[in-house]
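In what follows, a structure is listed as structure tokens, so that the remarks can point back to it.
Coordinate-derived values only; no laboratory data. Everything numeric in this text was worked out from a predicted model, so none of it was measured. FYI the Cβ positions are ideal-geometry reconstructions off the backbone, even for glycines, and counts take in every protein chain you see.
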Amino acid sequence: QIRVEDDRTGLSITTLRSALADNLFYIQGKFPGTATKNDYYMALAYTVRDRLLQRWLNTTQTYRKNVKVVCYLSAEFLIGPQLVNNLINLGIYAKIRQAVEESGLSLQELIEQEEEPGLGNGGLGRLAACYLDSLSTLEIPAIGYGIRYEFGIFDQEIRDGWQVEITDKWLQYGNPWEIARPEEYVEVKFGGRSEHYYDEKGNYRVRWIPDRVVKGVPYDTPILGYQVNTANTLRLWKAEAIESFDFQAFNIGDYYGAVDAKIVSENLTKILYPNDEVIQGKELRLQQQYFFVSCALQDMIRLLLSTEVSLETFHQQFAVQLNDTHPAIGVAELMRLLVDEHRIDWDKAWHITQNTFAFTNHTLLPEALEKWPIELFGRLLPRHLEIIYEINQRFLDRVRMKYPRDLGKLSRLSLIDESGERYVRMANLACVGSHAINGVAELHTELLKKTVLKDFYEFFPEKFANVTNGVTPRRWMVLSNPRLTRLITEKIGDRWITHLDDLRKLETLADDASFRQQWRQIKQETKGDLAAYIRKKLDIIVDPKSLFDIQVKRIHEYKRQHLNVLHVITFYNRLKHDRDLDITPRTFIFGGKAAPGYFMAKLIIKLIVSVANIVNNDPDVRDRMKVVFIPDFNVTLGQRIYPAADLSEQISTAGKEASGTGNMKFALNGALTIGTLDGANVEIREEVGAENFFLFGLTTEEVYGLKARGYRPFDYYNQNAELKAVIDLISSGFFSHGDVDLFKPLIDNLLYRDDYMLLADYQSYIDTQEKVSQAYRDRENWTRMSILNVARMGKFSSDRSIREYAQKIWKVEPVPVELLQ
Ligand code: 26Q
């Protein structure tokens, strides 16, 4: 047989098999006899990567011709495992499966070899990844810029009920998806001082004399769109030492000093900070932020100048999105590059800068607003501090014109917090330096305008917009829920994968009893898979027929996992008091990481696991309820968990969750939601219909009102016997081997502070959970509601979000890629 196909691009089964064997030998350097599963995974990954390079290089080539490029700046990209996603987007899943199996291997086993790149904490990092997927699928020119952390988010283990953090060594066996581009390095300066002088022509100039220079080396990962030629680039920067520094030190004999300097430089991108929401001003974190932002902006300028286009058109060539304030230093850095290094005058540079940047805010918690002590900031970035002062002076002059004598306004709008120790306020810098500011859900954007960004909204109303978050249906349905994907596609075709609104066509099928039967069957099988995982990993037996009630997300007091626990214990007490109670059996599933320094969050995990241990071993209730904490919740586990849920817990205190995106992943996979009027829950409920959503709790207005009148949680405890019994049971040491002190910090907090108003929402939550139980007994109607939820989730595709950014904020158009070479 003559093969005309190329081993690196051919798609026949024969060629794929030969490519796999070839890569095993030539890349991994192994004979089949000694190859490990990881060797085979690597060989397979390279086989897939080969088939993607044509599209990737042609995409890069296409963008060299004067097209506007979106640059998404984010300190986090939680892209998840790449192998299956690439197989799906290339449309070669079935062929690869056949080739792998004909080679005597199990595709599933190889898939499980992949270490996911955990380069993010949670929602914000995962959103950036969904957006890259949609940008490519919509054929919009884009580059994601971020940090190549050597150690991503820690792996979580549970020992004796407590979270233990294990270093995430995701790179230890190599990363086949990235290509290093060492020749494209850039240099980033730190520290030192700025020098003001007049140049040879008598022009006033400033130069920065740093005391340290670090090299940034880009590592590129292709982000292929779904069944298109577009493969955009995720460019992550690694910090390295500058060689010339070593030599200098070497020559004067300070070899060990040079080694130290190298270590210090390389520390920059070693580790992802595992905190979300609550932040402390760690110097290394600011270094990381400046490092990747400077690398990114220098990269853009180099790209632009290589096409011989004037730097003054920068804002016409690039739309730079700031994913929260983490990259906000970019405003000052672009000014510095334009003014100091490229000699563009201030006003022109400021016009370019403002028209380049746009800012997305992801939080309403005032304690999560990023600010840096002036002393630290000035020591690390002396020139940027001067530039920020200059921006501030010019901005505050305008503020004074608009609001003469309003000192309150002035001090609130200032880029510098001068109320005590002085700080640089990154949100203020981002607002002033951007032409667009957006929240991530309708409610969140409205609250931003009324609270944390109120003064900016009054000053720049035209800058504000909402773009409700979305999730990619490719990963969060096609990849993670193949059974449901098959059923839906059988009924309505496959256009929904890129036009999620098409799911509406399922609405009429909700009335079709045989369709409902198939729908239920699929949910059942998927729950069976999760039950098998739980049994294998945790040795806990759960009943796939029971209601799977799931809360997975970072552990946070505002997200109220402990409110869920109060319901678990209420449910348990009811069963104990009436052993014949005809209750709807439930499996309560939790998962999520706590920031390592967040004591209360860790105590909540301990509480969940302690309650699980008692409940799961109590013969009185054992066949009617189970409680499970699944360790190490990450993208990979999310793919198993979201599709297996009957009930999605979205129970944050109203006004605290900016959007949530897990809420979307659950509902898209047919879970019903129990939730508050918070974040995107509001819009999900609007879309799926109030009758298909379990609403409970105070509204944002009511939360604010109650707080203003003086909230007294203890009164709720005193006046509610069932609540009192639950709290007293925890306090009694019932779940802690008689230790009455263990959960005292948590209980005292609830009784005497309760910032997140669990006790105020308790009864409403319990009553609504009872409605859930009743609703689940009518299996036909539950299935109907589940189908209608999925049918009406079209809005929450990240494709819709990206179209809105493209039109409203970036002013960019799709640029289809042709395969020329
Ligand atoms: C900042 C400075 C120093 C150290 C860490 C940080 C830091 C890191 C990550 C601060 C915040 C984060 C992450 C925030 C986050 O994930 N926010 C979530 O964003 C989602 C996407 O918009 C929303 O859906 C969630 O509501 C929001 O909580």
Long-range HN-HN contacts of residue 464 with modeled amide H, under 5 Å = 437
For residue 234, other-chain or 5+-apart residues with amide H closer than 5 Å (H placed, Pro excluded) are 144, 221, 223
Give me the percent of DSSP beta bridges within the chain that run antiparallel, rounded to the nearest 5.
-> 45 percent
Hull volume per residue for the chain, using the convex hull of the C-alpha atoms, in Å³ is 189 Å³
According to a simple spin-label model (label point 7 Å from Cα along Cα-to-Cβ), what is the distance in nm between residue 618 and residue 398?
-> 6.2 nm
Find the relative contact order for the chain and round it to a whole percent, using C-alpha pairs within less than 8 Å whose residues are 6+ positions apart.
-> 13 percent
Roughly speaking, what is the stretch gain from residue 536 to residue 513, that is 0.36 nm per residue apart minus the C-alpha to C-alpha distance, in nm to one decimal?
-> 4.8 nm
Computed FRET efficiency, Cβ-Cβ of residue 494 and residue 521, R0 30 Å: what is it to the nearest 0.05?
-> 0.90
In whole Hz, the Karplus estimates of ³J(HN,Hα) for segment 753-769 (6.51, -1.76, 1.60; θ = phi - 60°; x where Gly or Pro) are 10, 6, 3, 9, 6, 5, 5, 5, 9, 3, 4, 4, 5, 4, 4, 5, 4
May I ask you to derive the relative contact order of segment 175-322, considering only C-alpha pairs under 8 Å and at least 6 residues apart, and to give it as an integer percent?
-> 17 percent
Inter-site label distance for residue 171 and residue 581 at 7 Å from Cα along Cβ, in nm = 5.3 nm
Averaged over all directions, how much area does the convex hull of the C-alpha atoms of segment 608-690 cover when projected, in nm²?
-> 6.7 nm²
With R₀ set to 51 angstrom, the calculated FRET efficiency between the beta-carbons of residue 57 and residue 267, to the nearest 0.05, is 0.95
re segment 414-466: pairs of Cα atoms spaced beyond 14 Å account for a percent value of 53 percent
Under the Karplus relation 6.51 cos²θ - 1.76 cosθ + 1.60, θ = phi - 60°, what is the ordered set of whole-Hz ³J(HN,Hα) values for segment 20-33, x standing for Gly and Pro?
-> 4, 5, 4, 5, 4, 6, 8, 9, 7, x, 9, 7, x, x
Using θ = phi - 60° and the Karplus relation 6.51 cos²θ - 1.76 cosθ + 1.60, list the HN-Hα couplings for segment 43-49 in order, rounded to whole Hz, with x at every Gly or Pro.
-> 4, 5, 4, 5, 4, 6, 4
Along the Cα-to-Cβ line of residue 543, 7 Å from the Cα, sits a label point; which residues in segment 746-781 have backbone N less than 14 Å from it?
-> 777
Can you list which of the GluC sites (Glu not before Pro) found in segment 95-133 are DSSP loop residues with at most 16 other C-beta atoms within 10 Å?
-> 112
At 7 Å along the Cα-to-beta-carbon direction for both residue 193 and residue 600, put a label point, then send me their distance in nm to one decimal.
-> 4.6 nm
Would you mind getting me the FRET efficiency between residue 343 and residue 446? Use the beta-carbon distance for r and R0 = 41 Å, nearest 0.05.
-> 0.40
Taking a quarter of the surface of the convex hull around the Cα atoms of segment 202-305, what do you get in nm²?
-> 11.8 nm²
Where does each of 302-310, 509-517, 433-441 land if you order them by average Cβ count within 10 Å, highest first?
-> 433-441, 509-517, 302-310
Please list, in chain and number order, the residues 5+ apart from residue 680 or on another chain whose amide H is under 5 Å from its amide H, with Hs placed from the backbone.
-> 659, 660
